[in-house]
Amino acid sequence: MDGSGGDLTVGLHQSIHDFDAAAWDRLAGGGNPFVSHAFLAALEDSGSVGGRSGWYPHHVAMRDAAGALVAAAPAYAKAHSYGEYVFDHGWAQALERAGGRYYPKLQVAVPFSPVPGPRLLMAPGVAAATVAAALQRAARQLNCSSVHATFCTEAEWAALGQAGWLQRVGVQYHWHNLGYADFEGFLAALASRKRKAIRRERREAQAGLEIRVLRGAEMGRREWAAFHRFYLSTVDRKWGGAYLSESFFALLGQRLAERVVVVMAFRAGMPIAGALNLLGDDALYGRNWGASEDVPFLHFELCYYQAIEFAIGLGLRRVEAGAQGQHKIQRGYLPSLTYSAHFIAHDGLRAAVGAFLADERPAIADEMAMLGEQSPYRTDAGA
């Protein structure tokens, strides 16, 4: 597709490789590895998107008169609503019951990654409303019913709302570093009962195991093969889909080695469990986990407690441990809002979804208040 966005030319690209990596990453900002050219290329090159995945790249580019890339968005035409973590199946069913067609839709997102971050990658001086208009035009060109910017930043959410998109919020659980000197300093901020529970969980999880934090080249072929087995074991237990191919993890290790942080458990020298994280400028992002043995509390140890220790050691501001999981609260991860924005072309469906979201927002606010009351942190010096 080619079109005009004022003085800008708008185009759609069916591969991230159509973009110069440095130009893309300048717009992405470098702080969030999930929107980096390398991460998106690993998804494409491993076959995790494209093919039969139902995720078809149609990345949006906006260029100035000199041909320089001034705005972009990672975008995918979708034939289903899987792998997104912001659920709209009911919206699709409602439109189809009314005789409409919901799919394909255009998803502005990082596939299979419920990690908040930028979705509208813009140079200074480019307005979010201009990019929103380009996305709407792309949807029309692709015969898509709608555009969905999921896990966008709060600022993008606000700007897209100003552009007439529907706004939605969700809840995740993030740990925040309040300047702790070490893990014991973090524990000291918790109520006594919570401190004791975490110490007990860590003892039981670590018994008979060696826990290693592996960076970059420390993840060799054996470790990546083992991690892929762990990933598949989690998929099998949750009756989910194995979205990510084995080659994706190998490519991740090659192309984003400096960002890869894998916490792995070994028994007698053999890996039995692992948790994959990616390192951002100020946060550690937990992504995938799995195990070949059922060890009590090992999931908490590898995914939550080791992540906190690592973040404290590097002075990171927070740990984002992925989607869902109210159990994270008792381990120091507090509820945080996530944001998505939705453009729906069909007048009737847009009105119905708008009404639904108007009812959903106060329910989310009530949920946040209720969850906040479950905080494990001390409320007085004697706790």
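The values are calculated or read from the model by the stated rules, or taken from the named source; none is laboratory data. Owing to the predicted nature of the structure, the values given are computational and were not obtained by experimental measurement. Because the Cβ atoms are built from the backbone with ideal geometry, glycine has one as well, and the counts that use them run over all protein chains shown. Protein only, heavy atoms only, side chains kept; ligands, DNA and RNA dropped before computing areas. Shrake-Rupley method; radii C 1.70, N 1.55, O 1.52, S 1.80 Å.
Considering helices alone, the calculated mean residue ellipticity of the chain at 222 nm is -10500 deg cm²/dmol, with DSSP H runs of length four and up weighted by -39500 (n - 2.57) and normalised per residue. Label sites at ARG140 and ALA79, each approximated as a point 7 angstrom past Cα along Cα to Cβ, lie 2.7 nm apart. Between helix 347-372 and the chain there is an angle of about 20 degrees, using the helix long axis and the longest principal axis of the Cα atoms. Its relative contact order, with pairs defined as Cα atoms under 8 Å and 6+ residues apart, puts the chain at 20 percent. Rounded, prolate or oblate, given the Cα gyration tensor of segment 245-294, with a/c below 1.5 counting as rounded? The shape class here is prolate. FRET efficiency for the ARG229 to GLN326 pair, using the beta carbon distance and R₀ = 25 Å, is estimated at 0.35.
If you take the square roots of the eigenvalues of the alpha-carbon gyration tensor of segment 195-263 and sort them as a ≥ b ≥ c, do you get rounded (a/c under 1.5), prolate (a/b over b/c) or oblate? In terms of gyration-tensor shape, oblate. With all protein chains in place and ligands, DNA and RNA left out, the 1.4 Å accessible area ranks GLU84, GLU246 as GLU246, GLU84, largest first. Here the Karplus curve 6.51 cos²θ - 1.76 cosθ + 1.60, taken at θ = phi - 60°, turns the phi angles of segment 204-220 into couplings of 5, 5, 8, 4, x, 10, 10, 9, 10, 9, 9, 10, x, 5, 5, 8, x Hz, with x standing for Gly and Pro.
Among the trypsin sites (Lys or Arg not before Pro) within segment 209-305, those in coil by DSSP and having at most 11 neighbouring Cβ atoms inside 10 Å are LYS238. Set the Cα radius of gyration of segment 263-345 against 2.2 N^0.38 Å, with N its number of residues, and you get 1.27. Based on C-alpha pairs under 8 angstrom that are at least 6 apart in sequence, segment 167-302 has a relative contact order of 28 percent. With all protein chains in place and a 1.4 Å probe, the accessible surface of segment 26-126 carries 56 percent carbon and sulfur. At full extension, ARG317 and SER292 could sit 5.8 nm farther apart than now, given 0.36 nm per residue minus the alpha carbon distance. Judged by the ratio a/c of the largest to the smallest principal axis of the C-alpha gyration tensor, segment 232-383 counts as oblate, that ratio being 1.5 or greater while a/b is no larger than b/c. Average projection, convex hull of the Cα set of the chain: 19.5 square nanometres. Mind listing P(r) for segment 97-232? All alpha-carbon pairs, 5 Å bins, whole percents. Histogramming segment 97-232 at 5 Å steps yields 2, 7, 10, 12, 12, 11, 11, 11, 11, 7, 6, 1 percent. The slack in the chain from HIS13 to GLU96, taken as 0.36 nm per residue of separation less the alpha-carbon distance, amounts to 27.0 nm. Within 10 Å of each candidate Cβ there may be at most 11 other Cβ atoms; applying that plus a DSSP loop requirement, which chymotrypsin sites (Phe, Trp or Tyr not before Pro) in segment 185-249 survive? Hits after loop and neighbour filter: TRP239.
Extension gain, ALA158-ARG199: 0.36 nm per intervening residue step, less the Cα-Cα distance, totals 10.6 nm. Accessible area per residue for segment 18-64 is 33 Å², calculated with a 1.4 Å probe on protein heavy atoms, without ligands, DNA or RNA.
The base-10 log of I(q)/I(0) for segment 1-121, evaluated at q = 0.12, 0.19 Å⁻¹, reads -0.47, -1.04 [Debye formula, identical scatterers on Cα atoms, solvent excluded].
Relative to one another, the C-alpha centroids of segment 347-369 and segment 297-340 are positioned 27 Å apart. If a spin label sat at a point 7 angstrom from the Cα of GLU210 along the line to its beta carbon, the backbone N atoms of segment 250-264 nearer than 15 Å would be those of 264.
Post the alpha-carbon centroid distance, segment 172-193 to segment 13-74, in whole angstrom. Each part reduced to its Cα centre gives a spacing of 37 Å.
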